[in-house]
1. Roughly how many whole Å is it from the C-alpha centroid of the stretch 272-311 to that of the stretch 244-269?
2. Return the label of the correct value of Rg and Dmax of the Cα atoms in Å, as calculated from the structure shown, out of [x] 23.4, 87; [y] 20.8, 65; [z] 19.7, 58.
3. Identify the trypsin sites (Lys or Arg not before Pro) of the stretch 345-402 meeting these criteria: DSSP loop state and at most 14 other C-beta atoms within 10 Å of the C-beta.
4. Could you give the nm distance between label points at THR25 and HIS216, where each point is 7 Å from its Cα heading toward the beta carbon?
5. Given charges of +1 on the Cβ of Lys and Arg and -1 on the Cβ of Asp and Glu, with all other atoms neutral, how large is the dipole of the chain about its Cα centre, in debye to the nearest 20?
6. Once the dipole of the stretch 252-402 is set up with Lys and Arg at +1 and Asp and Glu at -1 on Cβ about the Cα centre, which of LEU335, LEU289, SER320 lies farthest towards its positive end?
7. Roughly how many nanometres apart are two label points built 7 Å out from the Cα toward the Cβ at HIS372 and MET279?
8. For the chain, calculate the relative contact order in percent as a whole number, restricting contacts to Cα pairs under 8 Å that are 6 or more residues apart.
Amino acid sequence: MNPEQTALLAWIAEQQSLMLERTITLSEVNSGSFNAAGVNRVGAMLAEWFAPLGASCERIPVAPLQAIAEDGSPIAHGLGDAVRMRKRPEAPIQIFFCGHLDTVFAEEHAFQKVRYLNENQINGPGVADLKGGLIVMLTALQALERSPYAGKIGWEVLLNPDEEIGSQSSMPLIEEAAKRCQFGMIYEPCMPNGDLAGARKGSGNFSLVARGRAAHAGREHHLGRNAIRALCDVMSEIDDLNGQREGITFNPGFIHGGGAVNVVPDMAMGRFNVRLLKMEDQQWCSDALATILDAVNQRDGIEVELHGGFTRPPKEMDASQLKFFELARECGATLGLDIKWHAVGGCCDGNNLAAFGVPNIDTLGVRGGKIHSDKEYMDIDSLTERAQLSAMILLRLAAEAN
């Protein structure tokens, strides 16, 4: 490690208190995916903190999220804005940085405040997923801009408002960036022990709307066609697909329908998730679902519609991915970190970025755990550790640039 690198790492360590303060500040602003005002407030704070870096900055409205409501009707959810920043688009190396502004905790959720668990851990909404990661990203870029190598790297930051609900509305912005950038650095939390996510499963979210025929449950039960029964049959058959093809899982997660128990219900809806290992698995899943639906739709008076689709393709560890991860391992070693990675079932924006052809590491954020629950925590010392790791990766990429 040369003196310039040593000085930059020391500077990052000096930012620890500020990094922690900013993480707590962001965490205590509710930015549930459908709280557009809260998402925009977090975006505005980050734009202000990034401003001294001298990048261009845009606030970009995204399309509403199209979904199916509990009554089976289509609905559009308005979302917060994306924030995009760019600097040195003419530099020989272009790197895409991504982190999301939203969390899974709705505005009315009871989990809104940060508390200390011990001297090195805080518990709070989004502290790990991924408001701490946003601060790690910022600090690493601040370090890059202080270095003599900054001119060799152009960077683009996207802070998207909808990652926790699939990034469908911000996906065009990710695809645009993929056409401009050679590497991606995404700030989802790493594993509690510091390991990175390598290969990731793909994911699809689907809704089912079943329609039947209402009738009096006593006087004319035989004239009714029970939508709840039809939906439950379909969901049961979908669940039975588990184990039929390696690596694919189906998870029925929500059912709603009916009303008064003296009426044969004429509408029910449900939602399910699919996880898969390989791109070709999508066709197998689509064919299996079509077979199930074709059969139930042969029933008199029953119609079941399928909505949704696969929004995150599998992320496989090809040669370009492995090369980038090996670079991260080498950078970690200079910091005394033993960087490892392994396949995981979860997915994130790294899936889509890889599908667009850009090698990326998508767990460069803080160490933490129990995400998506009110037990979510972050290891405080990982702010410095992970900002230093990102900075070393950037310096290494810059040093190798022509």
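The values are calculated or read from the model by the stated rules, or taken from the named source; none is laboratory data. Quick caveat: nothing in here was measured; it's all calculated off a predicted structure. Here the Cβ is made from the backbone with ideal geometry for all residues, glycine too, and neighbour counts use every protein chain on show. Remember, those area values only see protein heavy atoms, side chains included, never the ligands or the DNA or RNA. Shrake-Rupley method; radii C 1.70, N 1.55, O 1.52, S 1.80 Å.
1. First find each Cα centre; the distance between them is then 14 Å.
2. Derived directly from the coordinates: [x].
3. Numbers: sites: ARG367, LYS370, LYS375, ARG386, ARG396; in loops: LYS370, LYS375.
Sparse-neighbourhood loop trypsin sites (Lys or Arg not before Pro): LYS370, LYS375.
4. In this crude spin-label approximation the distance works out to 6.7 nm.
5. Values: 36 positive and 51 negative charges, 78 e Å.
Using Cβ point charges on Lys, Arg, Asp and Glu, the chain gives about 380 debye.
6. Of the candidates, LEU335 comes out farthest on the positive side.
7. That separation, rounded to one decimal, is 2.6 nm.
8. Working: 896 pairs, mean separation 92.3, N = 402.
Relative contact order for the chain comes out at 23 percent.
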